[in-house]
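The values are calculated or read from the model by the stated rules, or taken from the named source; none is laboratory data. The structure displayed is predicted, hence computed values, not measured ones. Quick note on the areas: whole protein, heavy atoms, side chains included, nothing else; ligands and nucleic acids left out. Shrake-Rupley method; radii C 1.70, N 1.55, O 1.52, S 1.80 Å.
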Amino acid sequence: MVSMLTLRVTLVLMVILTELYAKETQDFISKYNKYNTVCRGLGYETRSCQGRNDRVVAFHARMSSSLQNLGRSAVVVFGKVILNSGSAFDGNTGIFTAPTDGIYSFTWTILTKPGSYFNTQIVINGKLVGYNNADGKSGSSHQESSSTTAVIRMKKKDKVWIRIYGREGKYAYADWSSFSGFQL
């Protein structure tokens, strides 16, 4: 049987530990609130973890068929959409439309067959942002690939796409050419 003294000591220790834990919890919450206030003052927005996946904007698409002899400035359509979180990418047109203001990262890869080329640009609302030159040199027995990444500040409803530049796009492999992007 437990002695009365042991029981009293146990109860006193439990009360002391509960008070210490409560004090630590209050200190943590107080510090968290102060940090949050400072961050909001610096312009950072408060975000909740709950429902976060509903607001993710990201896409990944590949060419649905190999493309060849596209004319100058033609839009390169990546019609096999693998991921389209936020529904901002249109696989029928190859155009990404920003659902919100923000900074977005885009990457595209083009694979050409030997002796072919497929030179592309990324544009925002038709204005040049960057280049990708995939050139399978003549006489080579290997395919050539080229990847480029562009980080672009966009306003809601701005449009980004990949287009041919220079000479016509001679040949690009479907399964190995892709376009992807996400909001930072």
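Which order do TRP108, TRP161 take by accessible area at a 1.4 Å probe, largest first?
Numbers: TRP108 0, TRP161 45 Å².
Per-residue accessible area, sorted high to low, gives TRP161, TRP108.
Distant-in-sequence amide contacts of ASP158, defined by a placed amide H-H separation under 5 Å and a gap of 5 or more residues or a different chain, comprise ALA98.
Let me know the Kirkwood hydrodynamic radius for segment 54-145, please, with Cα pairs as the basis and the value in Å to one decimal.
14.6 Å
The apolar share of the surface of segment 73-184, taken as the fraction of accessible area on carbon and sulfur atoms (1.4 Å probe, ligands and nucleic acids excluded), comes to 50 percent.
For the residue pairs LYS80/LYS155; LYS80/LYS127; LYS127/LYS157; LYS80/LYS159, the C-alpha atoms sit more than 22 angstrom apart in LYS80/LYS155; LYS80/LYS127. Around the amide H of SER64, modelled in the peptide plane, lie the amide H atoms of GLY79, LYS80, all under 5 Å away and 5 or more residues distant in sequence or on another chain.
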